[in-house]
Amino acid sequence: MRQSSALDILKTGQNVFLTGSAGSGKTYTLNQYIDYLRARRVPVAVTASTGIAATHMNGTTIHSWSGIGIKDELSDRDLTTLSRKQFLADRLKDTAVLVIDEISMLHAKQLNLVSQVLKHVRKNDKAFGGIQVVVAGDFFQLPPIGSKGETNREKFAFMSEAWLDAKFHICYLSEQHRQVSEAANGGLDLDDILNQIRRQEVTFESIAALEATFDQNVDIKRTRLYTHNLNVNSINDKELAALDGEMMRFEATSTGDSKLVETLKKTVRTQDDLVLKVGAKVMFIKNNTELGVSNGTMGELIGFAAVKIDDSKDSSNDLIEDDDDSAESETDKNVKGKSKKAIKEKPKAKKPTTQKMPVVRLNSGREVIAEPEEWIIEDETGDVLASYEQVPLCLAWAITIHKSQGMTLDAAEIDLSRTFELGQGYVALSRLKSLAGLQLLGMNEMSLQLDPLARGADKRFLVLSDEADANYSMLDEESMTQAHEKFILKSGGTLSKSVIDAYATLQKKRREQQQAQIDKKQKLGNQVSDKSDSTLLATRLLLEESLSIAEISQARQLSQSTIMRHIADLKSQDPSLACDHLRPEDEVMTAVGNAYVAIKVANNPNDFNDDGSIKLRPIFDHLKQSIDYNAIRLALIFITP
């Protein structure tokens, strides 16, 4: 089904399941429909199954919006309590359209709860209390997390009672907007292979095409995708340890209910104690329109810039719970993010201070400063139940396939040799735009398999989508327009052209303001580059006075490794740089030079950085630790061109 056909069906007010392969434009179509509703003043609630997915839609989680929180079931008392919360009740009663994105990651029990709450509050026994519900997603993505021992049959949302009651019209998008066609070049299309996987009819030619990428050289800025955290952590830790750049440590802060904080941590792709060094490959883990970055934006950390940080939100200023273990219902505990226990007040907020924050050069070449971001869980009145704040970066030499969901990658090195879950291979491969960006290190017998239940459902979805497409295509333009207008008026919206035009003008203005903010941040990034040039100049002036590394380090109040990095950059820019007084003794130069040549000849990919330079660790190991890192690094400045 085309996007335009799906939009026509959505506008009739029918409950819709919007699906399709990765890159088929599900999010784009949703946003088109949301704008259409808002322009006509139809109350629409935009939600998603996870906090990360919600940021893509500029919405909230369905758990927060509906008031179900982290519960798997609701008692009559719970429902009564929820209905008495005026803010929540008004919101659920006023909503005409509910959008739930990434439905594949919402547990069947939780979808049932959403319908149960809406029925109770709206006093309407129809599915979801009689409002239009639009769910979107792809059940070939990895399934929701469930209780130990639960099968996918028990977890998939399409197996829930609420799904059956809703009688969703299926809109299965067929257009492809992510994968790049390679057929024109005589090659096999990645889109064809993905569709073969979806049908579970993968040909020998497709397998051969995937295996042939083993020897393919992909972009040095590639992402490495692995099935297990152990592989990912090992690679990232090893790569970070091999860097000799300046190291900075960023500690997360959290407030509120401990269980909800843990829930936040599971959705946030970073660490409580984040260690970064200059040269680290990093990935943004949260959308930020002002910076012009999104979840999955990759780059390299090139330095740290002083930024004014407001400590007024620091955890030292928040309310904390006493360690009293007296019994109390979970509902009462979490109503406003604090229990009825004794509350202690910590010291007053601190004044804004200056801290060094990571400067990231994006793969696009633009430079941005990554400042701390906050993830929160709110109750129905907007009170914060839990918050988690950290620099929105994670190490990204490698990431798990689970964490890659929702990303679009230009290049990736993927290892499926230890695939342990159905659908992992499909999720990993569908992140890419083309086979040209793939280096597949290995597969096992499960790598290209999909869950049989999801496969059976998908076949049925395709049939139902074709039927819906055929039925609606029989309507003439006038009948379709009447159906659209009828739903708008039924939902309390307006058909006034002046109102619709005013919304379009406002949206245009917002886009212009957003672009202006991005341009401002880009200008800020250029200023960071200028600062980088000025700091190199400061080192050069001291170098020309024949000062030693230690003396320059002391004068600049920077680490010796940072000063040596400055000298290496300066030397690459100007081979005639006045630094001969720093040249190591001939014995050291000869030993390092021999090690350099030996490693170059061996040509082991693991011995090289992404930019083609040799890592320090292989040279250090080759010399059997007879020469320290600083001496090796200094010698390399004079050896390498």
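Points worth noting:
- At an R0 of 25 angstrom, the distance between the Cβ atoms of Leu536 and Glu371 translates into a FRET efficiency of 0.55.
- Gain on full stretching of the segment that runs from Leu489 to Glu175 - 0.36 nm per residue minus C-alpha separation: 109.9 nm
- Modelled spin-label separation between Glu205 and Asp272, with each label point placed 7 Å from Cα along the Cα-to-Cβ direction: 5.4 nm.
- When the inverse distances between all different Cα atoms of segment 1-51 are averaged and flipped, the Kirkwood radius reads 11.9 angstrom.
- From most to least packed by mean Cβ count within 10 Å, the peptides 470-477, 124-131 give 124-131, 470-477.
- Members of Lys403/Lys615; Lys85/Lys126; Lys155/Lys433; Lys26/Lys286; Lys126/Lys167 lying beyond 18 Å, as alpha-carbon distances in this model show: Lys403/Lys615; Lys85/Lys126; Lys155/Lys433; Lys26/Lys286
- Förster-model FRET efficiency, 35 Å R0, Ser496 and Asp76, C-beta, rounded to 0.05: 0.20
- Cα extents of segment 217-256 along the three principal axes, largest first (Å): 46, 28, 18
- Added length on full extension, which subtracts the Cα-Cα distance from 0.36 nm per residue, Lys126 to Thr505: 132.7 nm
- Between Leu464 and Asp35, full extension at 0.36 nm per residue minus the direct alpha carbon distance yields a gain of 151.8 nm.
- FRET efficiency for Glu551 and Asn594, using Cβ-Cβ distance with R0 set to 35 Å, rounded to 0.05: 0.70
The numbers here are math on the coordinates, done by the rules we state, and not lab data. Quick caveat: nothing in here was measured; it's all calculated off a predicted structure. Don't worry about glycine lacking a Cβ; one is built from the backbone with ideal geometry, like all the others, and counts go over all protein chains shown.
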